Structures are given as structure tokens and as C-alpha cells.
Amino acid sequence: MGDKDLNSSKKCETRRYNVIIIGSGMAGLAAANYLIKNGTEDFIILEARKRIGGRIISIPMKNHNVELGANWIHGVLGNPIYEIATANGLVNIINIPKPHKVIAATEDGKQVPFGVLQEIHEAYVCFLRRCEEYFLCQYLPPPDIHSVGEHINLEATIYLERLPASEEKKLRRLIFDCLLKRETCISGCNTMDEIDLLELGSYTELQGGNIMIPSGYSKILEPMTKHIPSDKIITNHAVKKIVWDSEQHNLSRLDDEESEDSDQTVIEDISKSTSEKTNITEQPTDTLIKSKKKLLHTVEVICENGQSFYANHVICTIPLGVLKDHASTLFEPTLPQYKIESIERLLFSAVDKIFLEYERPFLNPDITEIMLLWESPSSPEDLSQCWYKKIYSFSKVTETLLLGWISGMEAEYMETLSMNEVAITCTKILRKFLNDPFVPEPQNCVCTSWKKQPYTRGSYTAIAVGASQSDIESLAQPLFRNVHDKKPTLLFAGEHTHSNFYSTVHGAYLSGQAAARRLLAPDEAPENLLDCPGTADLNTWIQGVQLQ
């Protein structure tokens with residue numbers, strides 16, 4: 001029995017760290033890198049999956065590598081991900097964009113004149129920029145207009161009023177509808193009616209366009225992990241509970257429960273005979289107090305496999321979708337009400353990809369994308385009969401690989417179907433819009449399922465109607481056990497915690513770095529822990545550049 005207790009104590013001691021990082025996505029890896037570069041190796045990363053990377057995952061198909069998750073580096077200027085990629089030879093510094101020729105077709109296979117497509121696209125971009133100005137200029141929208149979708153639809157209606165009720169007007173309306181569907185995949189929502197109009201401009205777009213990593217986005221994980229010892233990342237350890245304010249929790253355990261902690265020996269000793277109690281009061285009382293203190297300053301992270309890990313600080317990078325599902329049971333004690341409400345208000349919808357791989361090319365080499373101008377239904381349709389109408393286009397990744405995007409409820413429905421069913425449906429769509437019954441069936445079809453994935457439960461963060469940038473700031477706010485603590489116990493990172501770069505990999509990176517920096521900052525009272533404009537914080541610098 002004694003040997004068993006001793007082994008249990010040793011196991012506990014080996015699972016005790018200064019910092020536990022939950023999640024090995026970009027935020028978790030960025031936090032770990034910052035700790036290591038600043039001479040701190042007393043940490044561990046707990047990862048639920050069998051792999052690292054989170055929503056960064058490239059997989060091989062028969063003849064291609066494809067991105068199931070993050071697709072682009074969004075912007076060049078001041079983007080740390082671009083800097084890492086260039087420093088490691090993952091992207092070409094001289095980026096020459098390929099010619100991009102888009103065609104748009106109606107359901108009867110008729111191609112829209114390019115001039116009409118260009119006209120509506122330019123008008124749409126103008127409407128979208130006006131939506132962003134509400135946040136930047138802080139003026140009020142028209143009455144009863146609360147969402148981006150409502151505002152763009154109002155602008156489109158006014159724009160189209162100058163045309164007579166004709167096929168020309170109808171065609172232009174279909175193009176606007178298609179562009180709004182595209183926007184749901186960019187924003188991460190079901191419809192643009194869900195996105196708060198006053199907050200659209202809170203997202204900061206970095207200059208330089210969207211850059212792909214030719215060898216696959218997953219290659220960025222190599223420079224992110226090369227300095228992290230392999231034993232610092234423990235995979236297959238999904239976290240079930242984070243006991244972060246353990247004072248009352250541990251005091252009750254001292255009385256009621258057996259603990260695996262090595263201090264248990266001391267706790268058991270005090271329950272023995274009166275004479276032993278007297279001896280303990282003479283000498284080991286101080287030891288007992290220290291033991292209690294040690295326990296009280298420990299966060300316990302309990303995994304689904306039953307293992308517990310202990311630390312002084314936890315950096316939680318669990319995605320917003322998982323927090324939406326489990327925040328009420330994941331944390332003990334529960335999170336403050338303001339955090340719970342922010343989690344509920346923010347949006348974390350499904351955005352999925354459909355890859356179609358062919359044996360040989362069948363599209364005109366000059367065409368890079370086919371926009372699908374679906375007719376608007378006259379009455380509500382059953383999701384099982386219309387889910388595919390949310391696919392707004394098919395674009396070429398290569399001559400023999402097409403990519404379709406789908407979002408929201410339709411994406412969730414698609415995740416319930418087999419890959420073969422999706423492939424058959426997509427073939428029918430292409431034959432219909434190209435007016436070509438000989439479009440071949442794909443050799444291979446791969447669909448993502450981000451909503452169904454238990455450790456993501458969606459794709460990326462968006463600010464829903466009624467939510468605001470301050471909700472993201474609330475999520476990012478670290479938690480202290482008491483007002484006397486100089487360092488927070490529980491910190492949060494991930495794209496959902498960056499108020500300007502939410503939904504991006506670089507947002508996740510900067511948030512993880514910021515959390516680690518906060519732990520390593522010189523001890524100060526919590527109320528003095530404010531970022532100064534003169535610091536080297538990249539986000540502050542970028543905002544400063546924009547303001548100038």
C-alpha cells in the first residue's frame with residue numbers, strides 16, 4: 001500500500017509544471033515558443049488530437065496536397081506567419097499572382113457577360129466597404145438595419161431600382177446573392193444577416209493579399225516546433241476539466257478525499273492519535289502549512305483519460321466552438337458571467353470545403369472559377385433538397401482539382417452525407433451550369449467536417465448581431481484567483497481572443513505570444529499590467545501605422 005502511494009506521489013510530481021498550455025494549434029505553439037526563447041522550459045502542451053496543428057492541416061490526395069483547414073496567409077505587411085514562412089523558405093518572396101478569369105453561369109447553363117459580372121462585383125465591393133465604415137467612422141446606419149446582409153441588400157435594391165423589371169435586373173440580383181454566399185464563407189456564418197453591421201470594420205486586413213504555402217500550410221508547423229522538445233507535447237490528452245481556482249476545492253479535498261499529491265502523507269498523518277498530533281504541532285505544522293499552500297497554488301487539469309496535470313498557470317487555447325459546448329462544465333469554478341455571455345454572443349459557424357479530383361482536365365485552361373447563380377426559391381425548401389445551393393462556385397486549385405466552399409446550416413447538413421453522395425451531387429451541378437452532360441465524375445472527393453469535429457465544433461470566429469469587439473476582449477481577459485496575485489492563473493489565447501485579427505492564423509499566433517509574454521513580464525500588480533504604445537507588441541505597432 002505504501003509503495004503504491006509513493007509511486008502515485010512520484011507520478012504526480014512528474015506531472016507538475018509552472019505552465020500548462022492546452023492545445024497545440026498555432027496559439028499554443030506560439031506560446032510555447034515564446035517561453036522557450038525566453039529561457040522557460042517548465043511547461044507542457046496537452047493536445048486532444050493525435051496530431052498537432054489544430055485547424056492547420058494539409059493532406060495528400062492522389063496527385064495533390066490539399067488544405068483541409070487554414071488556406072492562406074492573410075496579408076504580408078506585419079504578418080508574423082508570413083515572416084516565419086519567408087524565413088524558412090516556404091513562400092516565394094516575389095509573389096506573381098496567376099491570371100484569374102471568372103465566369104458566372106445560370107442554372108440553364110447560360111454564361112453571364114463579363115461586363116455585367118464586373119459591374120456588380122465593383123458595386124458589391126463598394127457596398128461592403130461602406131459597411132466597414134460604420135465601425136471606423138462611428139456613425140449610425142439607417143433605422144432597423146442591424147446586419148451586413150440587411151445593409152447590402154438595401155443598397156443592392158436601391159442600385160437595381162434604376163433598371164426596369166427585366167431579365168437584366170434579375171440577373172444582377174442573382175450575382176449579388178452569389179457574392180453574399182461567398183461572404184458567408186469569408187466571415188464564417190450561415191447568412192450575412194447574422195453579422196453585426198457596426199462591427200464588420202473591427203477586423204483589420206493586412207496589406208499584401210492572400211498568400212498560399214506551395215508545399216502546404218502544415219509546413220509552417222515545422223519551424224514552430226523545431227525548438228520545442230518532443231516530450232513537451234503530449235497528444236491524445238483531451239482536457240475534461242480545469243480546476244483553476246482551487247482554494248475551496250482543495251480545502252474540501254483535504255477533509256473528504258484521498259489525493260494523489262505527495263502532500264497526502266502529511267494530511268493523513270494529522271488524523272492519527274492525539275500524541276502524534278501533539279508532535280506534529282511542535283515541528284511539522286510549518287510543513288503542513290507549506291503543503292497546503294503548495295496545493296492551493298496549483299491548477300489541476302484533468303484529462304478524459306483520467307490523468308491529472310498540475311501547474312501554477314494555464315494558457316487555454318480551446319476553440320470558441322468547444323467553449324460554446326462545454327464552458328459551463330469545463331471550468332471549476334465556472335467562468336465569470338461576462339465571459340459566458342460573450343461566448344454565447346459570438347458566432348462560430350461551419351465553413352467547409354469540397355475537393356473534387358479528376359483524372360484529366362475538362363475545363364477551359366483559361367477559366368479559373370465558375371460562379372453558380374442559383375435561382376432564389378419562391379418558398380422555403382427542405383435542407384435535404386437544397387443544401388448544395390449554398391455552394392457559390394467551383395474554383396481550380398490545379399487543372400485536375402476543383403474546390404467548392406459551403407457554409408452554415410448547409411455545411412452542417414453536408415457533413416452528414418457520404419463523400420460519394422457529395423461527389424454525385426457536385427457532378428450534377430457542374431453538368432447543369434456548364435450545360436455539358438459529359439462532365440466526368442471525380443476520381444476522388446474529400447469534404448471537411450469542421451462542425452462535426454469534437455475539438456473544434458466549427459471553423460472560425462465572427463461577430464454576430466448583438467455581439468461586439470468587446471466580447472472578444474472579454475474572452476481574452478485573463479483570470480486571477482485573488483487580487484493579491486501578481487500573475488494570472490488562467491489565460492486565454494486563440495483566434496477568438498484577438499480583437500482585430502479574429503478568424504486568422506496570425507491572430508492565433510499573436511494571442512498565444514501575448515499570453516506567454518504576460519506570464520514572463522516582471523511582477524506587477526494586475527491593475528498595472530497594461531500594454532504601452534511604445535512596446536514591441538506587433539498588434540500595437542500595426543494599429544499605430546494605420547492611425548498615422
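Residue separation times 0.36 nm, minus the C-alpha to C-alpha distance between Leu154 and Arg360: what's the value? All intermediate terms of the calculation are to be shown ahead of the outcome.
Details: separation 206, 0.36 × 206 = 74.16 nm, distance 4.38 nm.
So the chain would gain 69.8 nm between Leu154 and Arg360.
Assuming 0.890 mPa s and 25 °C, estimate D for segment 389-492 with Stokes-Einstein, Rh taken as the Kirkwood radius over Cα pairs, in µm²/s.
140 µm²/s
Quick check for you: with a 1.4 Å probe and neighbouring chains kept, what is the accessible area per residue of segment 57-128, in Å²? It would help to have the intermediate numbers written out before the result.
Values: 3870 Å² over 72 residues.
Per-residue accessible area for segment 57-128 comes out at 54 Å².
Give me the compactness ratio for segment 437-505, meaning the Cα radius of gyration over 2.2 N^0.38 Å.
Details: Rg = 19.5 Å, N = 69, 2.2 N^0.38 = 11.0 Å.
Compactness ratio reported: 1.77.
Modelled label-to-label distance, Ser215 and Gln443, 7 Å Cα→beta-carbon offset: nm?
Simple spin-label model gives 2.5 nm for this pair.
Measuring with a 1.4 Å probe in the full set of protein chains, what accessible area per residue, in whole Å², belongs to segment 133-200? Write down the numbers at each step before the final one.
Values: 3400 Å² over 68 residues.
So segment 133-200 comes to 50 Å² accessible per residue, rounded to a whole number.
Nearest 0.05, what FRET efficiency do Tyr139 and Asn63 give at R0 = 51 Å with Cβ-Cβ as r? Before the final figure, lay out the partial values.
Values: r = 52 Å, r/R0 = 1.02.
Efficiency computed from Cβ-Cβ geometry: 0.45.
Kindly rank 25-34, 361-370 from highest to lowest mean number of other beta carbons found within 10 Å of each residue.
Working: 25-34: 27.9, 361-370: 14.2.
The most tightly packed comes first, giving 25-34, 361-370.
Along each principal axis of its Cα atoms, how long is segment 32-75 end to end? Whole angstroms, biggest number first, please.
In descending order, the Cα extents are 43, 30, 15 Å.
Among 229-236, 351-358, 118-125, what's the highest-first ranking by average C-beta atoms within 10 angstrom per residue? If you can, show how the numbers build up before the last one.
Working: 229-236: 13.1, 351-358: 22.2, 118-125: 15.8.
In descending order of packing, they fall as 351-358, 118-125, 229-236.
Could you calculate the FRET efficiency of Met419 with Ile367 from 1/(1 + (r/R0)^6), where r is the beta carbon distance between them and R0 is 25 Å, rounded to 0.05?
Numbers: r = 25 Å, r/R0 = 1.00.
Using R0 = 25 Å, I get an efficiency of 0.50.
Between Glu119 and Asp485, how high is the FRET efficiency from 1/(1 + (r/R0)^6) when r is the Cβ-Cβ distance and R₀ = 45 Å? Nearest 0.05.
Values: r = 60 Å, r/R0 = 1.33.
For R0 = 45 Å, the calculated efficiency reads 0.15.
Taking the Cα of Glu304, stepping 7 Å toward and past its beta carbon, and measuring to each backbone N in segment 454-475: which are under 13 Å?
Only 454-457 pass the distance filter.
What's the ranking of 209-219, 160-170 by average number of surrounding C-beta atoms within 10 Å, highest first?
Working: 209-219: 17.2, 160-170: 10.9.
Per-residue Cβ counts within 10 Å, averaged per peptide and sorted highest first, yield 209-219, 160-170.
Figure the gain on full extension for Ser395 and Leu163 (residue separation times 0.36 nm, minus the Cα-Cα span) and round it to one decimal in nm. Before the final figure, lay out each step's value.
On the way: separation 232, 0.36 × 232 = 83.52 nm, distance 3.08 nm.
So the extension gain works out to 80.4 nm.
The values are calculated or read from the model by the stated rules, or taken from the named source; none is laboratory data. Bear in mind that the values here come from a model prediction, so they are computed numbers and not experimental data. Methodologically, a virtual Cβ is constructed for each residue, glycine included, from the backbone with ideal geometry; neighbour enumeration extends over all protein chains shown. These accessible areas exclude ligands, DNA and RNA; they are computed on the full protein's heavy atoms, side chains included. Shrake-Rupley method; radii C 1.70, N 1.55, O 1.52, S 1.80 Å.
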